[in-house]
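Below is one structure, written out as structure tokens; the observations come after it.
The values are calculated or read from the model by the stated rules, or taken from the named source; none is laboratory data. In this text the structure is predicted, and so the values were computed from the model without any measurement. Methodologically, a virtual Cβ is constructed for each residue, glycine included, from the backbone with ideal geometry; neighbour enumeration extends over all protein chains shown. These accessible areas exclude ligands, DNA and RNA; they are computed on the full protein's heavy atoms, side chains included. Shrake-Rupley method; radii C 1.70, N 1.55, O 1.52, S 1.80 Å.
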Amino acid sequence: MSDDVLSLLDDAADRAARALDANSDWSLVARDHAAQYGHDLVADAAVLEVLGGSGVRILSEESGWSGDESAAVTVIVDPVDGSTNASLGIPHWCVSLLAVDAEGPVAAVVLNPVNGERYRAVSGKGATLGDETIHASGCDELRRAVVGLTGAPGGRQGWAQFRAMGSAAMDMCFVAAGRLDGFYAAYGLALWDYGGAALVCEEAGATLGLRSGNAVYELGDQRRQVLVGATATLHEQLLQAVR
């Protein structure tokens, strides 16, 4: 089943990428009681076009719950993670998709439509970037670590350097690929922000957890502070530092 689910996620991500390639509206637009980016809505519609008839339940940042409420598989969707980056022409953003069932995560796809980099993971089968298997860096000392941040952490926390690049999912995938050593979300992320990248990280050997200690893949829109370390040792050091 996991291969079929992964193929479905690939199809949905590809459909979103094609829709965004043809998109001309990268600004905020009024919708109901809030403002959303036009490209978020374009990507969401494209993803739902694929997932809507597939028999899965869907939780999307942009459109909420839809699909078959009795489905065995739920797909969590962030149509564009890093929406502001995309609106500004900064090529650090992605389409993020995670499939879960009653046992936990099944598969994930995180696609950067700008450069075509595609991260994929299947539970228990590892993570890839394109055709290559990826692994976290192995860094186990915070003083040597380069850490990605979402939000301001309130002072230097002991890491060697940091990057704040504007897409939590992309930053986390960079940890999985060994480009960054760790990641910390100083303000809360919803499951759609981090879910797909979380499975990629775990399958690449990184250690991931929530500062609250809650279950990583619990369904819903709760905000969670996410920490990722290339190793369990680094994860613990990062957790102690931000406390």
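Table for the structure above
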quantity: Dipole of the chain, positive direction: furthest Cα of Pro113, Val95, Ala190, with charges on the beta-carbon; calculated: Ala190
quantity: Under-5 Å amide H pairs with Ala107, H placed in peptide plane, nonlocal only; calculated: Ala99, Ser123
quantity: The chain, helix-only ellipticity at 222 nm - DSSP H runs n ≥ 4, -39,500 (n - 2.57), divided by all residues, nearest 500; calculated: -9500 deg cm²/dmol
quantity: Relative contact order of the chain, defined on C-alpha pairs under 8 angstrom at six or more residues apart (%); calculated: 16 percent
quantity: Residue-wise HN-Hα coupling along segment 231-238, computed from phi with Karplus coefficients 6.51, -1.76, 1.60 (Hz; x: Gly, Pro); calculated: 9, 5, 5, 5, 4, 5, 5, 5
quantity: Heavy-atom surface of the chain, accessible at 1.4 Å and reported per residue (Å²); calculated: 42 Å²
quantity: Acute angle (nearest 10 degrees) that the helix 2-21 long axis makes with the longest principal axis of the chain, alpha-carbon atoms; calculated: 80 degrees
quantity: Charge dipole magnitude, Cβ of K and R +1, D and E -1 - segment 10-132, Cα centre, debye nearest 20; calculated: 100 debye
quantity: Rounded percent of accessible protein surface that carbon and sulfur make up, segment 1-103, 1.4 Å probe; calculated: 47 percent
quantity: Fraction of accessible area attributable to carbon and sulfur, segment 117-243 (%, probe 1.4 Å); calculated: 45 percent
quantity: Check: the chain dipole with +1 on Lys, Arg Cβ and -1 on Asp, Glu Cβ, in debye; calculated: 1020 debye
